[in-house]
Amino acid sequence: MNGYSIDHYTFSNRVYRFIHIWRCRYWRININYPMLLYFPPILGTGIFSAHEVTGITGVQVLFATIGGVLAYRKSGYLHVPLIIFMGFSVLIGSLIGGFGSRMMEEETINIIYGILAFIAVVLMFIPTKGIEGKVEEIHFNKWLASSLAFIVGIGAGIVGAGGAFLLVPIMLVILKIPTRITIASSLAITLISSIGATVGKVATGQVHFFPASIMVISSLIAAPLGAQVGKKVNAKVLKWILALLIGGTSIKIWSDILF
């Protein structure tokens, strides 16, 4: 039986702060979904359904990315044409995913997250060259970028993620976008994606606003701490921590599905 309590909110708040501190600034992988799905029942503080978790996560990602985009607005690294092409496609995809997720069984949502989590872990360790360049010098395949963003948007809309965990490696490895431009522009694209996902979740009644507001406040508090830790901790160590967290939750999801 689904339900939640004030203890559940307190738990989510504290755990999210801890997790956010250890998130890599560049990959921004979504681990909120398994965190809210599995941790509260383990500690006996309440239960969120898969639909409720995706709704809460979608709202949190929306507000978290707003701050990131504002921070980069004068950096010169926001590639407007790339954001327009990928942003429009990811918005359509996330709207489809956000609205369509209401008709999905919880097991289906878990399977989709498990697939995305596996892909994310693999992509984390694909070596990328530190390509650099000016925004005006960047050229990309518009049809390929739009198609990939649309696919990512559907998956992100379903699980309530902004999709940066897949957008970043796609932009770096496939589209060959310079690193700094990728980091800044992917934030803007993720913001657009999270708008679509959030609209779909809210319209279909998948969002509990009080726990979502707790997650938003926690992320705003934890983000500066995460940035400071991210500057001091070796990037490879952060990647391994994230890979273990995501890999572990992915194994848990697949074990529940298969056994």
Checklist entry - For a label point 7 angstrom out from the Cα of L144 toward its Cβ, which stretches of the range 78-95 have the backbone nitrogen within less than 20 Å? => result 79-90
Checklist outcome for this item: For the range 68-76, Karplus-derived ³J(HN,Hα) couplings (6.51, -1.76, 1.60; θ = phi - 60°; whole Hz; x for glycine and proline) come out as x, 5, 4, 5, 9, 4, 10, 7, x
Next on the checklist: Using the basic label-point model (7 angstrom from Cα toward the beta carbon), what is the V122 to W240 distance in nanometres?
Outcome noted: 2.3
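All of the numbers you see were taken from the coordinates with simple rules; none came from a lab. Just so we're clear, the structure is a prediction, and the values are computed from it rather than from any experiment. FYI the Cβ positions are ideal-geometry reconstructions off the backbone, even for glycines, and counts take in every protein chain you see.
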